[in-house]
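For reference, the structure discussed in these notes is given below.
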Amino acid sequence: MHRLFPNAATIIDRFHIIQLAGRALDNERTQTIRTIQDKHSRIYHILKSQWRLFHLDEIKVNA
């Protein structure tokens, strides 16, 4: 890229950082799901069906 655009600047924006963190979180969640042998366990169902909760701010999560 630097050969084609020598004056280009690398810009880091909040949207792409949050997107990258969300993808990393989902990858870890799915890897954890794959390691669980008991498909009827409570942890398995929480990780599988309640994935949206992992993307919420801690303030918005109701205990």
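Sequence-ordered 3J(HN,Hα) estimates for region 14-19 from the Karplus curve with 6.51, -1.76 and 1.60 and θ = phi - 60° stand at 4, 4, 6, 5, 5, 4 Hz, glycine and proline given as x. Shown are Ile46, Ile12, whose ranking by accessible area with a 1.4 Å probe and every protein chain present, most to least, is Ile12, Ile46.
Taking every protein chain into account, the accessible area of the chain amounts to 100 square angstrom per residue (probe 1.4 Å). Exposed loop sites are taken as trypsin sites (Lys or Arg not before Pro) in a DSSP loop (any state but H, G, I, E or B) with at most 13 other beta carbon atoms within 10 Å; the longest stretch of the chain without one runs 4-38.
Rounded to whole numbers, the Karplus 3J(HN,Hα) couplings from phi for region 38-43 are 7, 6, 9, 6, 5, 4 Hz, using 6.51 cos²θ - 1.76 cosθ + 1.60 with θ = phi - 60°, and x at Gly and Pro. Entry for the chain at q = 0.17 Å⁻¹: log10 I(q)/I(0) = -0.73, Debye formula applied to identical alpha-carbon scatterers, no solvent contribution.
The values are calculated or read from the model by the stated rules, or taken from the named source; none is laboratory data. Note that the structure is a prediction, hence the values are computed from the model and not measured. Virtual Cβ from ideal backbone geometry, glycine too; neighbours counted across all protein chains shown. Protein only, heavy atoms only, side chains kept; ligands, DNA and RNA dropped before computing areas. Shrake-Rupley method; radii C 1.70, N 1.55, O 1.52, S 1.80 Å.
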